[in-house]
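Okay, structure first, notes after.
The values are calculated or read from the model by the stated rules, or taken from the named source; none is laboratory data. Predicted model only: the values in this text are computed from it and were never measured. Neighbour counts are summed over all protein chains in view; Cβ atoms, including those assigned to glycine, are modelled from backbone coordinates with ideal geometry.
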Amino acid sequence: MTSLTSANRVSGISKFFIDLKFLWLEQMLEIRRTWYWFLVFSLILPVTMVFGFTRIGSGLTDYASLIFIISGSAVFAATNEGLYALAVRIGTMKREGTLIYYASLPISKTAFLLAILLSRLVVTFPGMLVPLVFGAWLYQIPINLNLWVVALLLLTAMALANIGLVLGAVISSLELIQIIVNILLFVLVMAGPIFSPMDSLPLPLQVMSYLLPPTYAATALRSALHGTFDTVFYANVFVLLGLTVIGFLLSSRLLRWRM
Amino acid sequence: MPDIAVKVEDLTYVYPGKNAVIANDHLSFEIPRGEIFGLLGPNGAGKTTLVLQLLGLLRPTSGQIWLEGIDVVKAPQQASQRTGFLPQTGIPMRYVEVKRALYFTGRLRGQTHHDARQQAQALLSHFEMNSYAKRFVNDLSGGMLRLVNFAMALMGNPHVLILDEPTNELDPVRRRQVWDTITQLNQQEGVTCILVTHNLLEAEQVVQRVAIMRAGKIIALDTPGTMKLSSTGKVRLEFQLKAAAEIPARLYDSLDQLGAVDLVRPGSYTITLMPDDVSSAADLVISQIGLQELEDFRVSPPSLEDAYLTIEKQQLAAT
């Protein structure tokens, strides 16, 4: 066996990035084994959503409705694959005791959370991009696929995944996490201006919407797809960025790494 | 490096809540560097709570813990660099190949690429697992999975190993391999090992000192030898008849006067008695049954399990 006296140690900021790299790789290698499920939930589900929503009633195929549907489906994908999946993942880790094992290693909690978040991003991003591309192709509508759209998709995925991390961190039972997140999924997507304009919502829902990241994500995404980069767009991006940072800090604080 | 690997002083942990539970009740003990220390006790005795506190994962209600001179409560991250932990469940990296799982663990424990690679390969060879190197951890049998998890605990060359039931699910050959590795690490590298186990018969062969916990307290702490002698003071005479028959009632009564007679299974008896009475009991068995009718006949000192059960009984009687 290798001598135990070997004492070459990586430390400091290098150690943080090594932790991040290997924790991220571990998460990604897990995805490698379950790619077919990922395909169903990440890609087919948002596409089905675009297909189904455009056939409601006598058909919603006008440009304005289509932009709401394809951007809304992208935000839904982030909610489902980011928020839901991460909340359940943290809950499962707590139940199985895996979190205790990670905590027993000399790794940084921030690197651990960031690795999980970034690995989710890789899974969520294609699922968000697909409804945009598929919807635009299916209905031959002009959309502006620019770098802002890519950045917004990533930011939205991060913001919603952070909510998942926070919920997974604060709720003790896995069953309760699943119930709450399922309810929240509908509230976030259906009760906010994701698939419908803000002024079509009743006043209480409008007020509530201002507290939720999907509101800013969907509004900014619609603007970016239009190619409209005005002050309102930048304000939405700024708020979304702020909520993402707050969400991450909150999850780092609330996850009981050491009890 | 300090001579004391682990020092626990007046450690108490109370699980908060309406019905607060005292899981660790004013524990104080020291483990010298390079000792194999057994932690025994029934379920709910407070062993896991103690382990979590030693790992810095649970902040004590009161008291202090030092691991190789590091205050675990104040600097848990620093302490965790020196500790290898094998929990009973909850080990990640199940969807990673065996060799990668070892390598990743080494990197996460702060090893360089070269050291982690070298140690991963050395451990695969040591445990004769080279043919499993590219198998997914999740696809291994229970025993192999346990062995890989044990190897993961050794990655990064920890100075202190905390092993919770390390030989669960292992076949006899692999079990022997694990105990031999623990002994080897202890003797050659001076690794301190805290062993939480219910497998007393096997643990007895490697542990140098044992603590028995009950209801959050350490009720006995000594070397297995001293514990065995002081707790029971008795030896066992075991014999098995060639036929699965019962011994004559007269012999049973005579033996019963010398010690406690147990019928282990048909034809197999154990008599727990004082050392002075061994020769009388042996004479009785041989004269009344005859050596030719005996399949097995032996006198053995009490095992750690006997000592443990005696101490448990004494504690139960006292409460």
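Taking the criterion of being among the hydrophobic types (A, V, I, L, M, F, W, C), farther than 20 Å from A:A103 by Cα and part of a loop (DSSP other than H, G, I, E, B), would at least one residue in segment B:26-48 satisfy it? Yes; the residues of segment B:26-48 include at least one that is among the hydrophobic types (A, V, I, L, M, F, W, C), farther than 20 Å from A:A103 by Cα and part of a loop (DSSP other than H, G, I, E, B). Is at least one residue of segment A:140-151 touching a residue at least 60 places away in the same chain (Cβ under 8 Å), surrounded by 18 or more Cβ atoms within 10 Å (Cβ to Cβ) and of a type in the set (A, V, I, L, M)? Looking for residues that are touching a residue at least 60 places away in the same chain (Cβ under 8 Å), surrounded by 18 or more Cβ atoms within 10 Å (Cβ to Cβ) and of a type in the set (A, V, I, L, M), one finds at least one in segment A:140-151, hence yes. Applying the criterion of being buried (at least 24 other Cβ atoms within 10 Å of the Cβ) and either hydrophobic (A, V, I, L, M, F, W, C) or more than 7 Å from chain A (Cβ to nearest Cβ) (or both) to the residues of segment B:117-129, the residue that is farthest from A:A111 (Cα to Cα) is B:L123. Exactly one residue among A:A74, A:A115, A:A111 is modelled with pLDDT of 90 or more, in a helix (DSSP H, G or I), at negative phi and out of contact with any Phe, Trp or Tyr (no Cβ under 8 Å at 6 or more places or on another chain), and that residue is A:A74.
Each residue in segment A:81-103 was checked for being of a type in the set (S, T, N, Q) and out of contact with any Gly (no Cβ under 8 Å at 6 or more places or on another chain), and 1 pass. Looking for something away from chain B (no Cβ under 14 Å), of a type outside the set (D, E), within 22 Å of A:A157 (Cβ to Cβ) and buried (at least 18 other Cβ atoms within 10 Å of the Cβ) - is there at least one such residue anywhere in segment A:23-38? Within segment A:23-38 (the criterion being away from chain B (no Cβ under 14 Å), of a type outside the set (D, E), within 22 Å of A:A157 (Cβ to Cβ) and buried (at least 18 other Cβ atoms within 10 Å of the Cβ)), the answer is no, since none of the residues qualifies. All of A:I56, A:I116 fail the test of being within 27 Å of A:I183 (Cα to Cα) and either surrounded by 17 or more Cβ atoms within 10 Å (Cβ to Cβ) or at the interface with chain B (Cβ under 7 Å from one of its Cβ atoms) (or both), apart from A:I116. Checking the structure you have, find out if any residue of segment B:71-87 is under 28 Å from B:L316 (Cα atoms) and away from chain A (no Cβ under 11 Å). Among the residues of segment B:71-87, not one is under 28 Å from B:L316 (Cα atoms) and away from chain A (no Cβ under 11 Å), which makes the answer no.
Scan segment B:91-111 and give yes if some residue there is free of Cβ contacts under 8 Å to residues at least 60 places away in the same chain, closer than 30 Å to B:K217 by Cβ, assigned to a loop (DSSP other than H, G, I, E, B) and within 11 Å of another protein chain (Cβ to nearest Cβ), otherwise no. Scanning segment B:91-111, I find no residue that is free of Cβ contacts under 8 Å to residues at least 60 places away in the same chain, closer than 30 Å to B:K217 by Cβ, assigned to a loop (DSSP other than H, G, I, E, B) and within 11 Å of another protein chain (Cβ to nearest Cβ), so the answer is no. Of everything in segment A:62-89, what is of a type in the set (S, T, N, Q), out of contact with any Lys or Arg (no Cβ under 9 Å at 6 or more places or on another chain) and in contact (Cβ under 8 Å) with a residue 60 or more places away in the chain? Give them in sequence order. Once the filter is applied, which keeps residues that are of a type in the set (S, T, N, Q), out of contact with any Lys or Arg (no Cβ under 9 Å at 6 or more places or on another chain) and in contact (Cβ under 8 Å) with a residue 60 or more places away in the chain, segment A:62-89 yields A:S73, A:T79, A:N80.
Counting only strands (runs of 3 or more DSSP E) that sit wholly inside segment B:227-319, those with at least 1 residues that are of a type in the set (S, T, N, Q) and touching a Gly at 6+ places or on another chain (Cβ under 9 Å) are B:235-241, B:268-273.
One residue stands out among those in segment A:152-186 that are free of Cβ contacts under 8 Å to residues at least 12 places away in the same chain and not aromatic (F, W, Y): the one that is farthest from A:L99 (Cα to Cα), which is A:I183.
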